[in-house]
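In what follows, a structure is listed as structure tokens, so that the remarks can point back to it.
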Amino acid sequence: MANPMEQFKIETIVPLNAGGFDLSFTNSSLWMLITLLAVSAFLFIGTARPQLVPGRMQAAVELLYDFIRDMLRENVGKDGLRYAPLIFAVFIFVLSCNLIGMVPFVHSFTPTSHIAVTFGLAMIVFILVVIVGFARHGLHFFSLFLPEGTPLFVAPLVAAIEFLSFLSRPFTLAIRLFANMTAGHVLMKVFGGFVVSLGAVNIGLGIIPLGVNVALTALELLIAVVQAYVFALLASIYLNDAVNLH
Amino acid sequence: MPQFDPASFVSQLFWFGVIFTLLYFAVVRPTLPKVGKVIDAREAQVGGDLDRAEAAKGAADTLRADHETAMKAARDAAQAAVAQARETAAKASDAQLKALGARLDADAEAAAASLELALGSARAGLETTVAELTSEAVAKLVGIEITPADVSAAIAAR
């Protein structure tokens with residue numbers, strides 16, 4: 001049975017070394033590039049000739065964009081709409097990586113199953129929150145760490161906890177996405193292995209894990225979408241802190 | 001797990017940075033705001049259309065109210081005219097009826113008077129005829145000559 005971790009292996013395609021750093025173009029880079037091309041095709045076709053009464057592709061783009069804008073309007077308010085393109089970029093990147101990683105038969109790779117990539121995504125959100133927070137509120141942004149009405153004698157403790165939880169956000173954001181994608185893909189691979197090993201014993205026995213894998217595929221597709229949604233939702237909730245200070 | 005092998009971190013982060021930068025600045029920024037503008041324009045147009053429809057509905061309501069008032073006034077006027085005409089007609093027919101009644105009464109009276117007259121003359125004629133017949137009959141049957149005047153006197157005496 002194939003090692004279920006093998007699917008996450010980074011394979012160098014074009015070796016590249018700059019200033020002692022290994023910047024090789026790998027299968028992860030390739031599938032991120034494919035994602036970029038797919039998203040570009042989707043967005044450029046969908047917005048080629050924007051019309052008041054949209055065509056199919058424009059309607060699809062609008063649906064997703066409206067989804068992000070509504071989320072920002074709900075969680076941040078009208079001021080949040082300025083960041084809609086960036087949150088949209090994060091959302092569509094995660095969504096496309098997750099979904100394209102599910103394509104069978106082409107040795108597809110899910111870049112978002114790697115913590116380096118999800119951490120990069122989380123840092124974009126984190127840095128955005130910090131920049132927006134200081135730009136809008138200056139040093140007053142630090143009041144985020146002291147919720148209103150905190151009794152003075154616990155203030156240092158509360159501030160320390162709030163600060164730590166603020167710092168842990170990029171990590172939780174990164175780990176949530178990476179762990180979800182990894183766990184789902186491992187599970188699918190394991191049951192795929194069962195189909196072969198049990199099917200070798202008896203064809204009828206192989207049907208059972210196959211059925212499970214069909215269900216898992218549906219579940220994994222759901223997780224691919226839900227995790228992209230959760231990532232964007234948390235990003236907009238964190239953004240709300242920066243814009244409105246609670 | 002290959003995920004925790006730091007050897008690939010720099011390469012992954014580098015390519016992620018490159019591709020996400022391209023995605024944001026070369027793909028999302030040039031395309032998405034166009035759609036955003038269209039969505040806003042559509043919302044504005046729909047809002048404007050709704051406002052215009054609201055205004056048109058208001059105008060239509062005013063028109064209908066005006067129409068209804070005018071109709072009501074016209075109906076009242078017509079009813080008043082009909083009532084007046086009916087009253088005038090009733091008065092006229094009353095007068096006509098009264099005049100007719102008076103004429104009929106007069107005619108009836110005249111007729112009654114002439115009838116009385118005719119009856120009187122007829123009765124007078126009848127009496128003379130009876131007296132004459134009686135005197136003739138007495139003369140023929142008994143042979144006594146009695147004048148009709150005597151008979152009349154005898155009848156009147158009874």
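The values are calculated or read from the model by the stated rules, or taken from the named source; none is laboratory data. All values reported here derive from a predicted model rather than from experimental measurement. Neighbour counts are summed over all protein chains in view; Cβ atoms, including those assigned to glycine, are modelled from backbone coordinates with ideal geometry.
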In segment A:93-109, the residues that are under 12 Å from the mean Cα position of the chain (by Cα) and within 13 Å of chain B (Cβ to nearest Cβ)
A:Phe93, A:Val94, A:Leu95, A:Ser96, A:Cys97
Selection within segment A:198-246 - of a type in the set (Val, Ile, Thr) and touching an Asp or Glu at 6+ places or on another chain (Cβ under 8 Å)
A:Val243
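For every residue, the table says whether it meets (1) closer than 30 Å to A:Met181 by Cα; (2) free of Cβ contacts under 8 Å to residues at least 12 places away in the same chain; (3) facing another protein chain (nearest Cβ under 10 Å).
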position	(1), (2), (3)
B:Thr31	yes, yes, yes
B:Gly36	no, yes, yes
B:Glu54	no, yes, no
B:Glu68	no, yes, no
B:Ala89	no, yes, no
B:Asp94	no, yes, no
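Against the condition part of a helix (DSSP H, G or I), at pLDDT 95 or above and at the interface with chain A (Cβ under 8 Å from one of its Cβ atoms), how does B:Leu63 come out, does it pass?
Working: part of a helix (DSSP H, G or I): yes; at pLDDT 95 or above: yes; at the interface with chain A (Cβ under 8 Å from one of its Cβ atoms): no.
Judged against the criteria, B:Leu63 is not a match.
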Could you say whether any residue in segment A:82-92 is closer than 17 Å to A:Leu128 by Cα and either surrounded by fewer than 16 Cβ atoms within 10 Å (Cβ to Cβ) or more than 12 Å from chain B (Cβ to nearest Cβ) (or both)?
yes
Residues of segment A:201-246 satisfying the condition of being among the acidic types (Asp, Glu) and either farther than 26 Å from A:Leu81 by Cα or touching a Gly at 6+ places or on another chain (Cβ under 6 Å) (or both):
A:Glu220
Among the residues of segment A:16-29, is there at least one that is within 10 Å of chain B (Cβ to nearest Cβ), surrounded by fewer than 18 Cβ atoms within 10 Å (Cβ to Cβ) and assigned to a helix (DSSP H, G or I)?
no
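Residues are listed down the side, and each one gets a yes or a no for (1) under 17 Å from A:Glu220 (Cβ atoms); (2) within 11 Å of the chain's Cα centre (by Cα); (3) not in a loop (DSSP other than H, G, I, E, B):
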{"position": "A:Leu86", "(1), (2), (3)": "no, no, yes"}
{"position": "A:Val90", "(1), (2), (3)": "no, yes, yes"}
{"position": "A:Val117", "(1), (2), (3)": "no, yes, yes"}
{"position": "A:Phe126", "(1), (2), (3)": "no, no, yes"}
{"position": "A:Arg136", "(1), (2), (3)": "no, no, yes"}
{"position": "A:His140", "(1), (2), (3)": "no, no, yes"}
{"position": "A:Pro147", "(1), (2), (3)": "no, no, no"}
With part of a helix (DSSP H, G or I) and surrounded by fewer than 20 Cβ atoms within 10 Å (Cβ to Cβ) as the only criterion, which of A:Leu43, A:Leu64, A:Leu72, A:Leu95 stands out?
A:Leu64
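Looking at A:Thr35, A:Thr47, which is the one that is of a type outside the set (A, V, I, L, M, F, W, C), facing chain B (nearest Cβ under 9 Å) and in contact (Cβ under 8 Å) with a residue 24 or more places away in the chain? Walk me through how you get there before you give the answer.
On the way: A:Thr47 fails: in contact (Cβ under 8 Å) with a residue 24 or more places away in the chain.
When all the criteria are applied, what remains is A:Thr35.
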Among the residues of segment A:69-76, is there at least one that is basic (Lys, Arg), under 30 Å from A:Asp241 (Cα atoms) and within 11 Å of chain B (Cβ to nearest Cβ)?
yes
Condition broken by A:Phe163, with the remaining ones in (1) in contact (Cβ under 8 Å) with a residue 40 or more places away in the chain; (2) under 24 Å from A:Ala135 (Cβ atoms); (3) among the aromatic types (Phe, Trp, Tyr) satisfied
(1)
Can you say whether A:Val53 is buried (at least 21 other Cβ atoms within 10 Å of the Cβ), facing chain B (nearest Cβ under 9 Å) and without any contact (Cβ under 8 Å) to a residue 60 or more places away in the chain, as far as the supplied structure shows?
no
